[in-house]
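Heads up: the structure comes next, in structure tokens.
The values are calculated or read from the model by the stated rules, or taken from the named source; none is laboratory data. Quick caveat, the model's predicted, so the values are computed rather than measured. Cβ coordinates were reconstructed from backbone atoms using ideal geometry, including for glycine residues, and neighbour counts include every protein chain displayed.
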Amino acid sequence: MSVWAILVAAGRGERLGLDRPKAFANLGDEPLLAEPLRRLEACPWVDAVVLVAPPGWEEPAILVAEEEGCGKVCACVTGGETRSDSVRAGLAEVSEDALVVLVHDAARPLLSDEVVERVLAPLSEGWDGAVPGLPVGDTLKRVGSDGGIEETVAREALWAVQTPQAFAVDALRRAQTNGGDATDCAGLVEAAGGRIKVVEGDPRLLKVTSEADLETVAGWL
Ligand code: CTP
Ligand code: MG
């Protein structure tokens, strides 16, 4: 089973508010991008990596991959306006021979072999995809535009999902051609009728959005 990973790193990082894309924010002494690249390189389940870089930042991205000795990086492509566009650009570089594709946010630097193993397992049991998730802990409210609570949403059976998300390549390619603007790849595959399983995620897969998140993740290194 040949497993390809698409590392989407093409976002602007507007909420972080630096003078460069989030993938090049400092995490410890290195650009953030270095951490997930190194982890994918070392992951025994991953055969090849497609890196999706911010427009104009392709060369610095390749340089980071080279400095980290990431021989699995087969292609570095320019991302698009939305995350879905960036995934599509990456998917175009995934080999026809690949059976499984993992899509991972560079903004979640602390990827582990264990979580990769957990999302890959359901694919050999006939699922079209699998995503890591954590059960929602807080009480959820639906809030109106005036700030008033309209409803308490039953929390049972609600999960917050993360990446890496694993898919049978054909299922993701088919879902992509249907288009749509789901906020994650699983949403596209679900909309196309695919069956996706949620497996246990990892709190350390926190997505870096703000400066405080960056400090939290740096503290976990
Ligand atoms: N991403 C991407 N292409 C885009 C938008 C997002 O590759 N056009 C990637 C980001 O690089 C990140 C992941 O998708 O690894 C999750 O996106 P998010 O956390 O929203 O990152 P940004 O879009 O960069 O941040 P912001 O929304 O604050 O601008
Ligand atoms: Mg964004």
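Key figures
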read-out	value
Odd one out for PRO55, checked against (1) within 10 Å of ligand 1 (Cβ to nearest atom); (2) crowded, with 19+ Cβ neighbours inside 10 Å; (3) not charged (D, E, K, R)	(2)
Matching helices (runs of 4 or more DSSP H) fully within the stretch 56-134 where at least 2 residues are among the polar types (S, T, N, Q)	83-91
Near pairs, Cβ below 7 angstrom, 6+ apart or cross-chain, from the stretch 141-160 (over 29 Å from PRO203 (Cβ atoms)) to any residue that is among the small types (Gly, Ala, Ser)	GLU150/GLY144
Selection count where residues are farther than 27 Å from LEU120 by Cβ and either of a type in the set (Lys, Arg) or modelled with pLDDT under 95 (or both), scope the stretch 18-57	3
The stretch 1-23 - residue that is more than 15 Å from ligand 2 (Cβ to nearest atom) and not in a loop (DSSP other than H, G, I, E, B) and, of those, farthest from ARG88 (Cα to Cα)	VAL3
Among the residues listed as GLY187, GLY219, GLY137, GLY180, the single one being at pLDDT below 95, in a helix (DSSP H, G or I) and of a type outside the set (A, V, I, L, M)	GLY187
Among residues of the stretch 8-52, those that are of a type in the set (A, V, I, L, M, F, W, C) and near ligand 1 (Cβ under 8 Å from one of its atoms), counted	6
